[in-house]
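Reviewing the structure listed below.
Derivation of every value follows stated rules applied to the coordinates shown; laboratory data play no part. The model shown is predicted, which means the values in this text are computed figures rather than measured ones. Using ideal geometry, Cβ is built from the backbone for each residue, glycine included, and neighbour counts are taken over all protein chains shown.
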Number of protein chains: 2
Amino acid sequence: MNRYAVNLDQIQEAHSRISRKISHTPVVELDQLSKKLNFDLRLKAENLQRGGSFKLRGATNAILSLTGSLGSQGVIAHSSGNHAAALASAATANDIKATIVMPRDTSERKINAVMAYGVSPVFCEPSSRAREQATQEIIDQTHAHLIHAYDDPDVIAGQGTVGLEILEQVKDADSILAPIGGGGLLAGILVAAKTLNPKIRVWGCEPTNADDAFRSLETGAIQNPTRYDTVADGLRTAVGKITFPIIQSLVDGILLVDEEEIIQATRQMVLEARMVAEPSGAVTLAAANRYANQFHGQTVVAVVSGGNLDMSHCKLGHS
Amino acid sequence: MNRYAVNLDQIQEAHSRISRKISHTPVVELDQLSKKLNFDLRLKAENLQRGGSFKLRGATNAILSLTGSLGSQGVIAHSSGNHAAALASAATANDIKATIVMPRDTSERKINAVMAYGVSPVFCEPSSRAREQATQEIIDQTHAHLIHAYDDPDVIAGQGTVGLEILEQVKDADSILAPIGGGGLLAGILVAAKTLNPKIRVWGCEPTNADDAFRSLETGAIQNPTRYDTVADGLRTAVGKITFPIIQSLVDGILLVDEEEIIQATRQMVLEARMVAEPSGAVTLAAANRYANQFHGQTVVAVVSGGNLDMSHCKLGHS
């Protein structure tokens, strides 16, 4: 597997490196839903990860892999989401200064998640270009080291530890479902799972309203999203230059789900799995529902990638 | 420990007996909240148990412990809550007919949870007396075997397996917090935990608005609730004749929490633990918050007993 930017050894090393800094998240069984779906559905609960998302794995591995003077001038990332808080957390825990560039329209919850680690975000205009430009300007001034949210081999290796754990926890898994945004999680899981068990099937799950990965695979070249109107805000990103070749070679396919299906799965997570998933984390359950026929009789592990749901409109019911 | 209705051997036997029928639920770490509270708080997530509550443990152990002709005429229980669904589930899985007596005002979700196992509840007036009377009339006619929600040694032994698992999963636990309604869960955990580690402290957690266990301990005799206006609907019950002597001998104390604290903890569970707890399951987190000073520096495991929250008033927020 040396032809990819990341191999199994790197993922196993990442796992040893980050093991005491992360939660080895549980796999949750769903017996009643499994009966309805006619396959054995399990959830790999990265929403229960420290900080509420798998992103801590990649960020921690990247921070702990810094060698020589890298990181001595601090680290930097641009992110409106979970990578921002994960990097702030991992850097702070290792006494490294972190700079986080966030678009002005980032939700209060995600801003607070970064500030909880003592990092004040630098705000920029809400476009990919403005984010990259603001980040580059700071790098030019401070020589901070960029840790990209997905297009970084150490980050991908960290996310791949989710795949290692799934294969340890569910020895008879036939299929894995993972969300695809920039592709770090999917690429890492693909390398780990397919190297350890070439027969296992791994599917990316993506909103129809942000189907750039689906179109990238169809056309054989990275496509940008053409629209951004999805509740799955973590999956609006285009697939990366490093993650795409891995996904292109190894993935069994991309499963598209509609907005209504994502919302319904987010709700179902609460009612049937008693867990909180953000919509980006519930796309795999949405795909499990929609494509149930093709998993008939299998053991399927759906990765719930994060649980940082905006609950500002939610009033809890009382009996 | 032979002076109690249940001993450690019975709990260990129960664990072997039910092991393949239940989930060995995870213990979830809460590193950010732990920092705020100044102690290491972990959650034993029985809300992620099959069926969404610890009740499956006791019901399954009771069903699998039936000997001779017991159960040949079916089993029966009166419950408006999780014991009803758990018994319906455990009985049906073992081809035993279950009769469930429920008050007419039981929530639709809890009725549906019973019906999901093919059992149609028998409805009665919403008072303890009406429930017991309706149940006794059916027993007289059908000779069904009563499986009480908490005042039954096999049920208590089943619930005690929660304590066994906690001591395996958190070897350095200093304190355990468990909700107290009828007392089956607390009594089972007390026998398991205190027999294996006499130094461990175990606290019952109860709403101030249903403080019958607190008053029972103070007066040395079982007291009935004087009011029922608590959101923690699973904890409105008086402590049982079998569970009370165990609790009286072994518990380190009862921690009372107010309604606002329970509601806040139920919400905090969603936002900070990314899990769904029903209010009865969140009383332990409420107690961890309120009594944080007395746990300073400890490792504390709070049992989240169930996750069958009524979400009918909850509209999920979108970004």
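Here are a few things to note about the model shown:
- Helix B:8-18 vs. chain B, principal-axis angle (Cα, 0 to 90°, nearest 10): 70
- What the Cβ-Cβ distance of A:Q264 and B:T92 gives, at R0 = 30 Å and to the nearest 0.05, is a FRET efficiency of 0.65.
- With a Förster radius of 25 Å applied to the C-beta separation of A:K171 and A:Q294, the computed FRET efficiency comes to 0.70.
- Between the residues A:F214, A:Y228, B:G204, the greatest Cα displacement towards the positive end of the dipole of the protein assembly as shown, with unit charges on the Cβ of Lys, Arg, Asp and Glu, is found for B:G204.
- Folded to 0 to 90 degrees: helix A:128-142 orientation relative to chain A principal axis, Cα: 40
- For the protein assembly as shown, calculated [θ]222 nm from helices alone, where every DSSP H run of n ≥ 4 adds -39500 (n - 2.57): -13000 deg cm²/dmol
- Lys, Arg +1 and Asp, Glu -1 on Cβ, resulting dipole of region B:197-319 about Cα centre, debye, nearest 20: 340
- Where N is the number of residues in chain B, Cα Rg divided by 2.2 N^0.38 Å: 0.93
- Theoretical FRET efficiency, 1/(1+(r/R0)^6), r = Cβ-Cβ of B:Q133 and B:N112, R0 30 Å, to 0.05: 0.75
- Ranked from shortest, the separations from the 7 Å Cα-to-Cβ label point of B:R267 to its equivalents in the other copies are 2.2 nm.
- Teacher prompt: A:Q298 distances to equivalent labels in other copies, 7 Å Cα→Cβ, nm: 4.7
- Angle of helix B:82-93 to the longest C-alpha principal axis of chain B, folded into 0 to 90 degrees and rounded to 10: 50°.
- Farthest towards the positive end of the charge dipole of chain B, among the residues B:M269, B:T284, B:S80, is the Cα of B:M269, using unit charges on the Cβ of Lys, Arg, Asp and Glu.
- Among the lysines of region B:41-171, pairs that are 8 or more positions apart or on different chains and have alpha carbons within less than 24 Å of each other number 6.
- Region B:56-146 - convex hull of the alpha-carbon atoms, volume per residue in Å³: 80
- Fraction of beta bridges assigned by DSSP in the protein assembly as shown that are antiparallel (%, nearest 5): 15
- Inter-copy spacing of A:G68 label points, which lie 7 Å from Cα along Cα→Cβ, given in nm from shortest upward: 8.1
- Shielding by partners for peptide A:17-27, expressed as the average number of C-beta atoms from other protein chains within 10 Å of each residue's C-beta, is 2.
- Top of B:E168, B:E13, B:E29 by mean-square fluctuation, Gaussian network on chain B, Cα under 10 Å: B:E168
- Principal semi-axes in Å for the protein assembly as shown [√(5λ), Cα gyration tensor, largest first]: 45, 26, 22
- Only Lys, Arg, Asp and Glu carry charge here, each on its Cβ (+1 for the first two, -1 for the last two); on that basis the protein assembly as shown has a dipole of about 620 debye about its Cα centre.
- Centroid-to-centroid separation of region B:2-72 and region A:124-176 [C-alpha atoms, Å]: 38
- Residue with peak Gaussian network fluctuation, chain A [Cα springs, cutoff 10 Å], from A:E218, A:E278, A:E137: A:E137
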